[in-house]
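Written below as structure tokens is the structure these notes are about.
Only the coordinates and a few stated rules stand behind these numbers; no lab work does. Because the structure is predicted, anything quoted here is derived from the model rather than measured. Ideal geometry is used to build each Cβ from the backbone, glycine not excepted, and the neighbour counts take in all protein chains shown.
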Amino acid sequence: MLFDFDNSYARLPARFYARLDPTAVARPSLIRLNRDLATELGIDPQALDTATAAALAAGNLVPPGAEPIALAYAGHQFGHFVPQLGDGRAILLGEVVDRAGRRRDIQLKGSGRTPFSRRGDGRAALGPVLREYVVSEAMHALGIPTTRALAAATTGEPVYREDVLPGAVLTRVAASHVRVGTFQYFAARDDQDAIARLVDHVIARHDPAAAQAERPALTLLAGVAERQAQLVARWMQVGFIHGVMNTDNMTISGETIDFGPCAFMDTYDPKTVFSAIDDFGRYAYANQPGIAQWNLARLAEALLARIDPEPQRAIDLATDVVVGFRSRYEAHWLDGMRRKLGLFHAEDDDRQLAEGFLDALHAGGADFTLAFRRLGEAARGAAHESALRAMFTRPGAYESWATAWRARLAREPRSPDERAAAMNGVNPLVIPRNHRVEQAIAAAVTQADFGPFERLLQAVERPFDERPADDVDARPPAPEERVCRTFCGT
Ligand code: AMP
Ligand code: MG
């Protein structure tokens, strides 16, 4: 037995999904198996020969115990409600309880058409599969909740986008695939029985304590608010821009999901947008907390009848949670920023200090990731700040801020080594820089060379390790290397 499946979602009523197998592909070839993750899931990677692994990862071999289903969901896309989206190119094989006792979904993405495919082909191109692999594994290494990549395989079949591209399938692992849009799907049909079943299901998986609460659905909503507040604060602190924060791409579990046009910011600018389809900057870097709150309000609406039978009472209770998201988010953001700045205790003016550094980065056109990393050096003393100072086109903005920062540090004395080590443990040196991701994809797509992908993956798996100043995965793009546009590739 390969996986020890226990498929709780497939035991929900039939209208939650469509049952179907993945569509077999012409020539499955394994790009990569994530051996550590496989082991975590109870698989012995040694016992798996390459041909079997490729057949599994491409969807040609359905493992025993799997009950393949495509999940139904709806969602607001760029603010517009679409009552039926669903897994149009993904199939949930089933769930396993991992070695740590956590229930995890095993899903194939790019595995062929489903009843939810609408006009799509149900397939994924190689580029987006590699992007999701690298970026989701980078997020994990950064300690940020995320879906994971278990395997990637090419299909030996072309997919037709603007160009003809090699096809690929990603095996994704998630705490669950229930989204805000899953609740919206049933709310749009006023299927209260289904919403009640879904509430029970996600409480069992993600908020077991809520089952004992006076109002389980309200406690669940508060749980989602808390997880998303933490998650988006973490994104902001590494310069991550999701790119498509539609309600169908926001999980109940609090994991980052759907790495379509996502990218990490290089030069700090809160207005940064990468996604080629985000014409109005709805999902710009600085908008992400507000969008998460907006999405939470859509979840609250879908849950109202489960919160209280008296409509006004339900609205009041849900509104408190949605409004309270802001302060939860602000608290997590400030906590994280203190750590990034090398502060161990809280003081009232810390928010101002944190914002002051960001303003200086913005005014000075500095690289977000590298500036925080070099701040760790600067924490050793003014003699160690030349590399940081050199990042600002107008060093004056940095210098006046640094005076306030040094005064603040002096109020909580620590050894320079202790402080720098703490900062280097939260300020990464390596992120999956967009130009590096694009280079890795280009080599794979145009020359079938997966070497750059493998090397990039190795680098992003150790984001906090020290590296030489000119390391190719640590340094920001040169002006001619910059990649400012990303595409979903759907
Ligand atoms: P996404 O932008 O990846 O979050 O997808 C939004 C919706 O479009 C989901 O319902 C997907 O299943 C569907 N979709 C995206 N790409 C395809 C495709 N190539 N074939 C079928 N459905 C797709
Ligand atoms: Mg999606």
## Note on the structure
Between the Cα axis of helix 395-410 and the main Cα principal axis of the chain, the angle (0 to 90°, nearest 10) is 90
### Task
Note the angle between two axes, namely the Cα long axis of helix 368-378 and the longest principal axis of the Cα atoms of the chain, as a number of degrees from 0 to 90, rounded to the nearest 10.
40
### Charge dipole (debye, nearest 20) of segment 166-252; +1 at Cβ of Lys and Arg, -1 at Cβ of Asp and Glu
320
### Query
From the square roots a ≥ b ≥ c of the eigenvalues of the alpha-carbon gyration tensor of segment 9-177, which class results: rounded (a/c under 1.5), prolate (a/b over b/c), or oblate?
rounded
### Query
Going by how many other beta carbons lie within 10 Å of each one, how would you line up Val232, Val82, fewest first?
Val82, Val232
### Query
Counting only DSSP beta bridges with both residues in the chain, what percent are antiparallel, rounded to the nearest 5?
95
### Cα gyration tensor, segment 61-114 - rounded (a/c under 1.5), prolate or oblate
oblate
### Average projected area [Cα convex hull, the chain], square nanometres
23.3
### Query
What percent do you get for the relative contact order of segment 125-207 when only Cα pairs under 8 Å and 6+ apart count?
24
#### Entry: segment 41-82 and segment 412-434: distance between their alpha carbon centers, rounded to Å
37
## Note on the structure
Here Rg/Rh (Cα, Kirkwood) for segment 192-272 equals 1.08
## Note on the structure
The farthest towards the positive end of the charge dipole of segment 9-177, of the residues Gly110, Leu12, Ala38, given +1 on Cβ of Lys and Arg and -1 on Cβ of Asp and Glu, is Leu12
### Message
At a 10 Å Cβ-Cβ cut-off, how would you order Leu303, Leu56, fewest neighbours first?
### Response
Leu303, Leu56
### Query
Considering only the other residues whose Cβ falls under 12 Å of the Cβ of Met245, what net charge follows from Lys and Arg at +1 and Asp and Glu at -1?
0
### Query
What FRET efficiency do you get for Arg485 and Asp163 if R0 is 22 Å and r is their Cβ-Cβ distance, rounded to the nearest 0.05?
0.90
### Query
Relative to the Cα centre, what is the charge dipole magnitude of the chain, using +1 at the beta carbon of each Lys and Arg, -1 at the beta carbon of each Asp and Glu, and rounding to the nearest 20 debye?
240
#### Entry: Within-11-Å neighbourhood charge of Pro158 [Cβ basis; K, R +1; D, E -1]
-1
### Query
Taking neighbour Cβ counts within 10 Å as the exposure measure, how do Val472, Val180 sort from fewest upward?
Val472, Val180
### Estimated translational D of segment 181-339 in µm²/s (Stokes, Kirkwood radius over Cα pairs; 10 °C; 1.306 mPa s)
97
### Query
Between segment 337-380 and segment 216-242, how many Å separate their Cα centres?
22
### Task
May I ask which residue of Leu358, Ile431, Ala55 lies farthest towards the positive end of the charge dipole of the chain, with charges of +1 (Lys, Arg) and -1 (Asp, Glu) on Cβ and the Cα centre as origin?
Ala55
### Query
Helix 192-206: angle to the longest alpha-carbon principal axis of the chain, degrees 0 to 90, nearest 10?
50
